[in-house]
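Down below is the structure, laid out as structure tokens.
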Amino acid sequence: MLLEKIKSHIILIGLVVIIVLVLFFKRPLNQAQNTFETMGNDDFTVVTETEEVFENTVSEKVVIDVKGEVKNPGVYEITSQSRVNDVILKAGGLTEQADEQQVNLAEIVYDEMVIFIPAIGDESERSVIQGLSDKVHVNRATVTELETLSGIGPAKAAAIINYRDEHGPFQSVEDLLNVPGIGQKTLDNIIDDLQIP
């Protein structure tokens with residue numbers, strides 16, 4: 001008899017504890033749900049991780065030299081997050097003779113960049129302008145471009161790009177020493193062929 005009373009009391013206490021816990025956890029959930037349901041679209045903004053990183057990135061000024069078939073060729077200052085198309089618009093836009101098919105309008109600009117817009121059918125002048133700098137721009141180079149460097153094969157080129165993707169643009173040539181597989185000897189061999197930024 002006593003054992004049955006103890007069992008029923010334990011069961012009763014267990015039920016009370018379960019009910020209290022359910023009510024405790026259910027209430028904040030319902031309040032949060034009600035708050036969300038009453039909010040309009042104007043009250044709620046979703047910010048993706050990419051947008052947060054972009055907003056936190058300090059846009060510095062870069063200087064670009066625009067030549068060729070633009071309405072106002074010259075040197076322009078613009079933010080480092082800009083594209084070639086933005087600089088061309090700042091230079092008054094393309095002329096009617098411009099061959100925009102030979103230019104990557106979506107390319108992100110970098111300091112001391114030369115943007116040359118050739119005329120339709122004009123190849124010779126374009127190659128002269130591009131030949132002014134035959135260095136490899138490490139912060140925008142592809143695997144193929146990196147492989148043109150002495151001692152850099154597919155594995156090291158991929159390692160450079162992976163490091164750049166994970167840690168952001170290289171700030172100095174010495175930052176390449178942080179890339180797995182790139183030692184001082186390798187850096188000494190390629191340092192004259194690199195451009196940063």
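The values are calculated or read from the model by the stated rules, or taken from the named source; none is laboratory data. Because the structure is predicted, anything quoted here is derived from the model rather than measured. For neighbour counting, all protein chains shown are included, and Cβ atoms are generated from backbone atoms with ideal geometry for every residue, glycine included.
In segment 176-197, which residue that is without any contact (Cβ under 8 Å) to a residue 24 or more places away in the chain and either among the aromatic types (F, W, Y) or not in a helix (DSSP H, G or I) (or both) is nearest to S150 (Cα to Cα)?
Per the stated criteria, the residue is G183.
Quick grid of which residues meet (1) under 27 Å from F170 (Cα atoms); (2) assigned by TED's automatic domain parsing to the domain that holds V62; (3) not polar (S, T, N, Q):
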position	(1), (2), (3)
D86	yes, yes, yes
A91	no, yes, yes
Q97	no, yes, no
V103	yes, yes, yes
E107	yes, yes, yes
E112	yes, yes, yes
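Which of the residues spanning segment 162-175 are crowded, with 17+ Cβ neighbours inside 10 Å and part of a loop (DSSP other than H, G, I, E, B)?
Result: F170, single match.
Based on what the data block shows, is T50 outside the structural domain of E100 (by TED's automatic domain parsing), at pLDDT below 50, loosely packed, with under 10 Cβ neighbours inside 10 Å and within 28 Å of the chain's Cα centre (by Cα)?
Working: outside the structural domain of E100 (by TED's automatic domain parsing): yes; at pLDDT below 50: yes; loosely packed, with under 10 Cβ neighbours inside 10 Å: yes; within 28 Å of the chain's Cα centre (by Cα): yes.
It is true that T50 is outside the structural domain of E100 (by TED's automatic domain parsing), at pLDDT below 50, loosely packed, with under 10 Cβ neighbours inside 10 Å and within 28 Å of the chain's Cα centre (by Cα).
For segment 81-118, which positions are more than 23 Å from the chain's Cα centre (by Cα) and assigned to a loop (DSSP other than H, G, I, E, B)?
Residues satisfying the conditions are A91, G92, G93, T95, E96, Q97, D99, P118.
Would you mind finding the one in I78, I19 that is hydrophobic (A, V, I, L, M, F, W, C), in a helix (DSSP H, G or I) and at pLDDT 80 or above?
Values: I78 fails: in a helix (DSSP H, G or I).
Just a single option satisfies the conditions, and that option is I19.
So, of the residues in segment 87-97 that are surrounded by fewer than 17 Cβ atoms within 10 Å (Cβ to Cβ) and in contact (Cβ under 8 Å) with a residue 12 or more places away in the chain, which turns out to be nearest to R140 (Cα to Cα)? Spell out how you get there, then give the answer.
We begin by selecting, within segment 87-97, every residue surrounded by fewer than 17 Cβ atoms within 10 Å (Cβ to Cβ); these are 89, 92-93, 95-97.
Next, only the ones that are in contact (Cβ under 8 Å) with a residue 12 or more places away in the chain stay: 92-93, 95, 97.
On the way: G92: 26, G93: 25, T95: 28, Q97: 29 Å.
Only one residue tops the list, namely G93.
Is one or more of the residues making up segment 94-115 modelled with pLDDT under 85, in contact with a Ser or Thr (Cβ under 6 Å, 6 or more places away or on another chain) and over 13 Å from K67 (Cα atoms)?
Yes, because at least one residue in segment 94-115 is modelled with pLDDT under 85, in contact with a Ser or Thr (Cβ under 6 Å, 6 or more places away or on another chain) and over 13 Å from K67 (Cα atoms).
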